[in-house]
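The values are calculated or read from the model by the stated rules, or taken from the named source; none is laboratory data. For clarity, every value in this text was computed on a predicted model and none was experimentally measured. All Cβ positions, glycine included, derive from the backbone under ideal geometry; neighbour counts span all protein chains shown.
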């Protein structure tokens, strides 16, 4: 199962290009800075575009910049125009995360051959017409987006994981019953609880070097300690601190790869005052030391 991944980092943001197969591209775009981040990717007219804004605000420009679409946090955008190419040109505002899926219409048809009457642009009547749809991101889709964003799978199964999650994302997007996961996760019935759990995740990420205690986090988000623990585990599949540990180690790995920081500096940035503690944590996660990991990249 072929998959290629390319990450582009600039002073203003980053984007990971994950080629799931020749006809499916996954883009993970992040702007953690105080300045706008410009994203540009070519896209042939045969491609459907799905854009999901996890947080912040993005503006997508089309028709050589003469037409703009705003995409806010917890919103999705579907675009298709068989009459002209629609390169992805997006401006991510500060503190914005966006996930995009580009899929050829041929591949997409293969997923829904018996649903042509249900999905408008698969109907022969619409085959040559442009299509546009903007919707809020429901709870079940939000969970899959978070799993895509925070994946920590072993490299050997990562291509399979990405493929499965993209298919799950599309199945939920076109599902008539958005609340299909409600029985599995009672927190998904309550949009306010979901908002607070998302806030808890954002807080620990933003303050990963000095994270709040669980009681402090519960008080800051307006959740009881029990609801914080249970809700976070149900939404993100992990405890708060286990999630934070994985996020810290992934951030540390990327900083080491950038070549802009030494091991001690990386350890301090992710919250380890003692280099020995950081080295032990990194080895626990990746089964190698930061120094050996850097040597493997040479």
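Listed values, structure above:
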{"quantity": "Within the range 2-29, considering residues that are modelled with pLDDT of 60 or more and out of contact with any strand residue (DSSP E or B) (no Cβ under 7 Å at 6 or more places or on another chain), the one farthest from residue 254 (Cα to Cα)", "calculated": "22"}
{"quantity": "Tally of residues being under 15 Å from residue 251 (Cα atoms), part of a helix (DSSP H, G or I) and free of Cβ contacts under 8 Å to residues at least 12 places away in the same chain across the range 268-283", "calculated": "1"}
{"quantity": "Which listed residue, of 66, 107, is at pLDDT below 85 and surrounded by 13 or more Cβ atoms within 10 Å (Cβ to Cβ)", "calculated": "107"}
{"quantity": "Given (1) within 18 Å of residue 152 (Cα to Cα); (2) assigned to a helix (DSSP H, G or I); (3) in contact with a helix residue (DSSP H, G or I) (Cβ under 9 Å, 6 or more places away or on another chain), index of the condition residue 215 fails", "calculated": "(1)"}
{"quantity": "Top-ranked residue of the range 37-63 - restricted to ones that are touching a helix residue (DSSP H, G or I) at 6+ places or on another chain (Cβ under 8 Å) and either at pLDDT 90 or above or within 19 Å of residue 134 (Cα to Cα) (or both), ranked as surrounded by the fewest Cβ atoms within 10 Å (Cβ to Cβ)", "calculated": "55"}
{"quantity": "Within the range 248-269, tally of residues that are closer than 22 Å to residue 15 by Cβ and in contact with a helix residue (DSSP H, G or I) (Cβ under 8 Å, 6 or more places away or on another chain)", "calculated": "11"}
{"quantity": "Test set (1) more than 17 Å from residue 32 (Cα to Cα); (2) surrounded by fewer than 17 Cβ atoms within 10 Å (Cβ to Cβ) - residue 254 fails condition number", "calculated": "(1)"}
{"quantity": "Candidates 228, 194 - the one that is at pLDDT 85 or above and either surrounded by 15 or more Cβ atoms within 10 Å (Cβ to Cβ) or at positive phi (or both)", "calculated": "228"}
{"quantity": "Those residues of the range 150-164 which are part of a helix (DSSP H, G or I) and surrounded by fewer than 18 Cβ atoms within 10 Å (Cβ to Cβ), in sequence order", "calculated": "158, 160, 161, 163, 164"}
{"quantity": "Filtered residue count, the range 250-264, keeping only those that are modelled with pLDDT of 90 or more and either in contact with a strand residue (DSSP E or B) (Cβ under 7 Å, 6 or more places away or on another chain) or under 15 Å from residue 151 (Cβ atoms) (or both)", "calculated": "0"}
{"quantity": "Residue in the range 117-130 that is more than 16 Å from residue 235 (Cα to Cα), assigned by TED's automatic domain parsing to the domain that holds residue 99, outside any helix (DSSP H, G or I) and modelled with pLDDT of 85 or more present", "calculated": "no"}
{"quantity": "Test for residue 34: is it modelled with pLDDT under 90, outside any loop (DSSP other than H, G, I, E, B), more than 26 Å from residue 139 (Cβ to Cβ) and over 17 Å from the mean Cα position of the chain (by Cα)", "calculated": "no"}
{"quantity": "Yes/no for residue 166 being touching a helix residue (DSSP H, G or I) at 6+ places or on another chain (Cβ under 9 Å), at pLDDT below 85 and within 28 Å of residue 19 (Cα to Cα)", "calculated": "no"}
